[in-house]
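A quick write-up on the structure given underneath.
What follows is calculated from the coordinates using simple rules that are stated; it is not laboratory data. Model, not experiment: these values are computed from the prediction. Every residue, glycine as well, gets a Cβ built from its backbone with ideal geometry; the counts of neighbours run over all protein chains shown.
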Number of protein chains: 2
Amino acid sequence: MSQKIIQRLCVIGVGLIGGSLARGLKKAGVVTEVVGAGRNVAHLEKAKELGVIDSFETDISQAVKGCDMVVLAVPLGAMQSVFEQISSVITEEMIITDVGSAKASVVKAAQQAFKSLPDTLVPGHPIAGTEKSGVEASFAELFDNRRIILTPLETSSSEAVSKVRKMWQACGADVVETSIEHHDEVLAATSHLPHMLAYSLVDTLAKMDEKKEIFDFAAGGFRDFTRIASSDPEMWHDICISNKDALVTMIKKFTDDLELLAKAIEANDSVYLKEIFSRAKKARDEFCEDKNINDSPE
Amino acid sequence: MSQKIIQRLCVIGVGLIGGSLARGLKKAGVVTEVVGAGRNVAHLEKAKELGVIDSFETDISQAVKGCDMVVLAVPLGAMQSVFEQISSVITEEMIITDVGSAKASVVKAAQQAFKSLPDTLVPGHPIAGTEKSGVEASFAELFDNRRIILTPLETSSSEAVSKVRKMWQACGADVVETSIEHHDEVLAATSHLPHMLAYSLVDTLAKMDEKKEIFDFAAGGFRDFTRIASSDPEMWHDICISNKDALVTMIKKFTDDLELLAKAIEANDSVYLKEIFSRAKKARDEFCEDKNINDSPE
């Protein structure tokens, strides 16, 4: 029988991520009890029906009571409000973590809510997801072999970090630690910038007179390239606002490089063009080799 | 028994596209004989061995002799040289078409080689391909249900257009006609621009200090978004040079829009952000519905 890592877990926001975490921990047998919290009773009832949570509360400050682990799996824009709701009831035994895609903003929200940061707070970010959302889409294996980035604070106790780490590892995840600033820069580069480019490209094309033919003539490469433009607009609004500085810096860096590329095309600069395309192809092929991915362009 | 559309076909450049065309026509039973032409004897021998072609010639002007259909399936940068090699041997019975991804440059190459454009010339572009290249990767069904864009010239005879159309239709393709200018603009938008963005993004990230972590932390969305950056650098060099004007115009249009997006992020302009993301998601989802594609972001 597995040893329990968590006695009473509170998942605030029982959607795809929160639900999959609860399922994963239950499957691993490392949690005794899961309490769901959120605003939508129908969603919470569904989660209970599915066995993802054992009970639920719509009053978040009630839900966290007696919990030794609290996971905020709510949109970035809702973090501060949740921190405020739990600020008066947190205890020294209650480890608090989150799953937000931008970390500085979460820490700022915590600072504003808690005044002084509790040593039980360990921000985190699972690099995982699927095309679906909601608890119905959650599954125990979502974090299996996926990367979880923890960004412990100076105030975070080693016990708290260790417990959050063990929680994710019990779901099969590969847990790494980095600084908040570094996390936000790297995610701006690998995730937030590509989403902006995909959204912006699709919008630019959709505004053109030739819109119909443009989408009509588009092939598989376009489909893959723009897949992320079908992501949830509300979530990406929150991410933009939350990781503004790092994201705007990356957009500018990208735009500067793209301008150089446009100039090389205008100047028929074959050497520059072949170099950049070869370099990018090599980097991308190596990325796939490292990740053991077998795929190539159409 | 199928009626023959082509008696003697010459495929110049027997790679993925040229090879698949030959296979498709043979499978449909609409071609009597296929002659392969190219510079690489080993490749041509392989093509013969595979039954893709019946015979081959490395002297292109010899290869086309007696052919009623000649297809240039060579890189854009090689078009003019091929036109020059066949210019002295073309006849009124010899229909000539190509598969280049940019059409104005092919017509310019033909103009320079032929002086006056033959009425047998009908430029074309199959919107099809796979991740592989070379005759070994060719298959008869590559053009099945794929779009072929013909850009007939003012000089093109209706008989020539009709024969090229029938050739592609015999491979299961959906043949449409448009103007050269329109083709080049639309392809710049749907294919050439996205490739530039993917190449440029990967190169920008690969140059960063955090390169290792950046690729390490990248997830499925990044993989899909950058797939086209693994495309053939030589081919994309040729496309950039060949469709320079339309492509540079599109890059500028895109950059202007991206700058507005960056400004909205900087200004916390929630209305703008939600609008653009929602509009793009809607356009992208509609594109998938139209194409009957069931996919979404990770």
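Can you put B:Ile5, B:Ile241 in order, fewest other beta carbons within 10 Å first?
So the residues, fewest neighbours to most, are B:Ile241, B:Ile5.
First check a/c for region A:6-178, with a ≥ b ≥ c the square roots of the eigenvalues of its C-alpha gyration tensor; if it is under 1.5, answer rounded, and if not, answer prolate when a/b is larger than b/c or oblate otherwise.
rounded
For region A:183-267, just say rounded, prolate or oblate: build the C-alpha gyration tensor, square-root its eigenvalues into a ≥ b ≥ c, call rounded for a/c under 1.5, and beyond that prolate if a/b exceeds b/c, oblate if not.
Since a/c reaches 1.5 but b/c is at least a/b, the shape of region A:183-267 is classed as oblate.
Using alpha carbons only, how many degrees (0 to 90, rounded to 10) separate the axis of helix B:103-114 from the longest principal axis of chain B?
In chain B, helix B:103-114 runs at an angle near 30 degrees to the longest axis.
So which of A:Lys4/A:Lys103; A:Lys27/B:Lys282; B:Lys26/B:Lys281; A:Lys166/B:Lys211; A:Lys27/A:Lys282; A:Lys252/B:Lys212 end up more than 32 Å apart, counting from Cα to Cα?
A:Lys27/B:Lys282; B:Lys26/B:Lys281; A:Lys27/A:Lys282, as the Cα separations exceed 32 Å there.
Taking each residue in B:253-261, count the Cβ atoms of any other chain within 10 Å of its Cβ, then average. What number comes out?
6
For A:Glu49, go 7 angstrom from Cα along the Cα-to-Cβ vector, then report the distances to that same point in the other copies in nm, smallest first.
Distances to the matching label points in the other copies: 6.2 nm.
So what does log10 I(q)/I(0) come out to for region B:1-97 at q = 0.25 Å⁻¹, using the Debye formula with one equal point on every Cα and no solvent?
-1.39
Would you compute, for the Cα atoms of the protein assembly as shown, the largest minus smallest coordinate along each principal axis and list the three values in descending order, in whole Å?
90, 47, 38
To one decimal in nm, how far is A:Lys4 from the same spot in the other copies, if labels go 7 Å from Cα toward Cβ? Please give the shortest first.
Nearest first, the other copies' label points are 8.3 nm away.
By per-residue mean of other Cβ atoms within 10 Å, what is the highest-first order of B:101-110, B:17-26, A:259-268?
Put in order of decreasing packing, that is B:17-26, B:101-110, A:259-268.
Under a Cβ-Cβ cut-off of 14 Å, what is the net charge of the residues other than B:Val89 that fall near it, where Lys and Arg count +1 and Asp and Glu count -1?
With Lys, Arg at +1 and Asp, Glu at -1, the net is -4.
Relative to the longest principal axis of the C-alpha atoms of chain A, give the angle of the C-alpha long axis of helix A:193-206, reported between 0 and 90° and rounded to the nearest 10°.
60
Would you tell me the mean number of C-beta atoms belonging to other protein chains that fall within 10 Å of each C-beta in A:208-215, as a whole number?
5
Within a Cβ distance under 15 Å of B:Val271, other residues only, what is the Lys/Arg minus Asp/Glu net charge?
-3
Within the protein assembly as shown, which cysteines find no other Cys whose Cβ is under 4.7 angstrom from their own?
A:Cys171, A:Cys240, A:Cys288, B:Cys171, B:Cys240, B:Cys288
Could you order the peptides B:82-93, B:246-257 from most to least packed, using the average number of other C-beta atoms within 10 Å per residue?
Packing proxy ranking, top to bottom: B:246-257, B:82-93.
Relative to a virtual label point 7 Å from the Cα of A:Ser88 in the Cα→beta-carbon direction, which members of region A:22-65 show backbone nitrogen distances below 15 Å?
From region A:22-65, the list is A:59-65.
Taking the Cα centre of region A:88-141 as origin and charging only Cβ (+1 Lys, Arg; -1 Asp, Glu), how large is the dipole, in debye to the nearest 20?
Roughly 320 debye for region A:88-141.
When DSSP beta bridges are limited to those with both residues in region A:6-178, what percentage is antiparallel, rounded to the nearest 5?
Around 15 percent antiparallel, to the nearest 5.
Counting other beta carbons within 10 Å of each residue's own, what order do B:Arg146, A:Arg165 fall into, fewest first?
B:Arg146, A:Arg165
If packing is taken as the average count of other Cβ atoms within 10 Å, what order do B:273-280, A:173-180 fall into, highest mean first?
With the highest mean Cβ count within 10 Å placed first, the list reads B:273-280, A:173-180.
Quick one: label points 7 angstrom along Cα→Cβ at B:Glu141, distances to the other copies in nm, smallest first?
Reported distances to equivalent positions: 2.8 nm.
Report, to the nearest 10°, how far helix B:270-290 tilts away from the longest principal axis of the Cα atoms in chain B, using its own Cα long axis and a range of 0 to 90°.
30
Per DSSP helix of 4 or more residues, -39500 (n - 2.57); summed, then divided by the residues of chain A. What does that give at 222 nm, rounded to the nearest 500?
-15500 deg cm²/dmol
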